[in-house]
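Single-structure report; data block below.
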Amino acid sequence: MKPYSELERLVAAGAISETFRQQLLSDPQRALEMGYLGEPFHLTKEEMAFLREVRARDFQEFAQLVSTWVANQVRRNGHAQSWAPQTWGLHLVY
(Lines give C-alpha, C1' and ligand atoms only; values in the text may rest on other atoms or scores of the structure.)
Protein backbone atom coordinates (compact mmCIF):
# COMPACT_ATOMS: atom_id res chain seq x y z
CA MET A 1 0.00 0.00 0.00
CA LYS A 2 1.43 3.37 -0.95
CA PRO A 3 1.85 6.01 1.75
CA TYR A 4 -1.25 8.07 2.49
CA SER A 5 -3.50 5.96 0.23
CA GLU A 6 -6.06 5.58 3.02
CA LEU A 7 -6.25 9.36 3.37
CA GLU A 8 -6.87 9.55 -0.37
CA ARG A 9 -9.66 6.99 0.04
CA LEU A 10 -11.12 8.95 2.96
CA VAL A 11 -11.23 12.18 0.96
CA ALA A 12 -12.69 10.35 -2.04
CA ALA A 13 -15.44 8.88 0.16
CA GLY A 14 -16.25 12.37 1.42
CA ALA A 15 -16.38 13.71 -2.12
CA ILE A 16 -18.74 10.92 -3.22
CA SER A 17 -21.12 10.64 -0.29
CA GLU A 18 -22.92 13.60 1.24
CA THR A 19 -23.85 11.52 4.29
CA PHE A 20 -20.27 10.47 4.92
CA ARG A 21 -19.02 13.99 4.21
CA GLN A 22 -21.37 15.48 6.82
CA GLN A 23 -20.38 12.81 9.36
CA LEU A 24 -16.71 13.52 8.67
CA LEU A 25 -17.20 17.23 9.31
CA SER A 26 -19.48 16.94 12.35
CA ASP A 27 -17.99 13.89 14.10
CA PRO A 28 -14.72 12.78 12.50
CA GLN A 29 -14.03 10.15 15.16
CA ARG A 30 -17.37 8.44 14.46
CA ALA A 31 -16.84 8.65 10.70
CA LEU A 32 -13.45 6.99 11.06
CA GLU A 33 -14.87 4.26 13.29
CA MET A 34 -17.75 3.54 10.89
CA GLY A 35 -15.63 3.46 7.74
CA TYR A 36 -17.23 3.82 4.33
CA LEU A 37 -19.68 1.30 2.87
CA GLY A 38 -18.67 -1.22 5.51
CA GLU A 39 -14.96 -0.92 4.75
CA PRO A 40 -12.75 0.39 7.56
CA PHE A 41 -10.01 2.90 6.99
CA HIS A 42 -6.53 1.56 7.77
CA LEU A 43 -4.89 4.74 8.99
CA THR A 44 -1.60 5.15 10.79
CA LYS A 45 -1.52 6.48 14.34
CA GLU A 46 -0.21 9.79 13.01
CA GLU A 47 -3.00 10.05 10.43
CA MET A 48 -5.63 9.24 13.08
CA ALA A 49 -4.20 11.84 15.46
CA PHE A 50 -4.21 14.46 12.73
CA LEU A 51 -7.79 13.69 11.67
CA ARG A 52 -9.06 13.88 15.24
CA GLU A 53 -7.76 17.45 15.42
CA VAL A 54 -9.01 18.70 12.03
CA ARG A 55 -11.66 21.40 12.24
CA ALA A 56 -12.98 22.59 8.90
CA ARG A 57 -15.90 24.82 7.91
CA ASP A 58 -16.66 22.71 4.85
CA PHE A 59 -15.37 19.73 2.93
CA GLN A 60 -13.26 21.84 0.58
CA GLU A 61 -11.35 23.17 3.57
CA PHE A 62 -11.12 19.66 5.06
CA ALA A 63 -9.60 18.27 1.85
CA GLN A 64 -7.16 21.19 1.69
CA LEU A 65 -6.07 20.62 5.29
CA VAL A 66 -5.50 16.93 4.60
CA SER A 67 -3.53 17.74 1.45
CA THR A 68 -1.36 20.27 3.27
CA TRP A 69 -0.72 17.88 6.17
CA VAL A 70 0.30 15.09 3.78
CA ALA A 71 2.57 17.43 1.80
CA ASN A 72 4.30 18.40 5.05
CA GLN A 73 4.68 14.73 6.00
CA VAL A 74 6.14 13.96 2.57
CA ARG A 75 8.73 16.69 2.96
CA ARG A 76 9.56 15.49 6.45
CA ASN A 77 9.62 11.74 5.67
CA GLY A 78 10.83 11.70 2.08
CA HIS A 79 7.87 10.02 0.34
CA ALA A 80 7.81 12.62 -2.42
CA GLN A 81 7.51 10.16 -5.28
CA SER A 82 4.45 8.53 -3.69
CA TRP A 83 2.41 11.67 -3.24
CA ALA A 84 1.06 14.14 -5.76
CA PRO A 85 -1.54 16.39 -4.10
CA GLN A 86 -2.10 18.28 -7.35
CA THR A 87 -3.77 15.16 -8.76
CA TRP A 88 -6.71 15.56 -6.37
CA GLY A 89 -7.94 18.67 -8.15
CA LEU A 90 -10.85 19.07 -5.75
CA HIS A 91 -13.29 21.74 -6.81
CA LEU A 92 -16.37 20.69 -4.95
CA VAL A 93 -19.74 22.34 -5.43
CA TYR A 94 -22.70 21.43 -3.24
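The values are calculated or read from the model by the stated rules, or taken from the named source; none is laboratory data. A quick note: this is a predicted structure, and the numbers were derived from the prediction, not measured. When we count neighbours, we look across all protein chains shown, and the Cβ atoms used for this are built from the backbone with ideal geometry, even at glycine.
Against the conditions (1) closer than 26 Å to E18 by Cβ; (2) at pLDDT below 90, W83 satisfies every one except (1).
Scan the stretch 9-20 residue by residue and report those that are surrounded by fewer than 19 Cβ atoms within 10 Å (Cβ to Cβ) and either in contact (Cβ under 8 Å) with a residue 40 or more places away in the chain or in a loop (DSSP other than H, G, I, E, B) (or both). The answer is A15, S17, E18. Each residue in the stretch 29-56 was checked for being part of a helix (DSSP H, G or I), in contact (Cβ under 8 Å) with a residue 24 or more places away in the chain and over 18 Å from T68 (Cα atoms), and 0 of them qualify.
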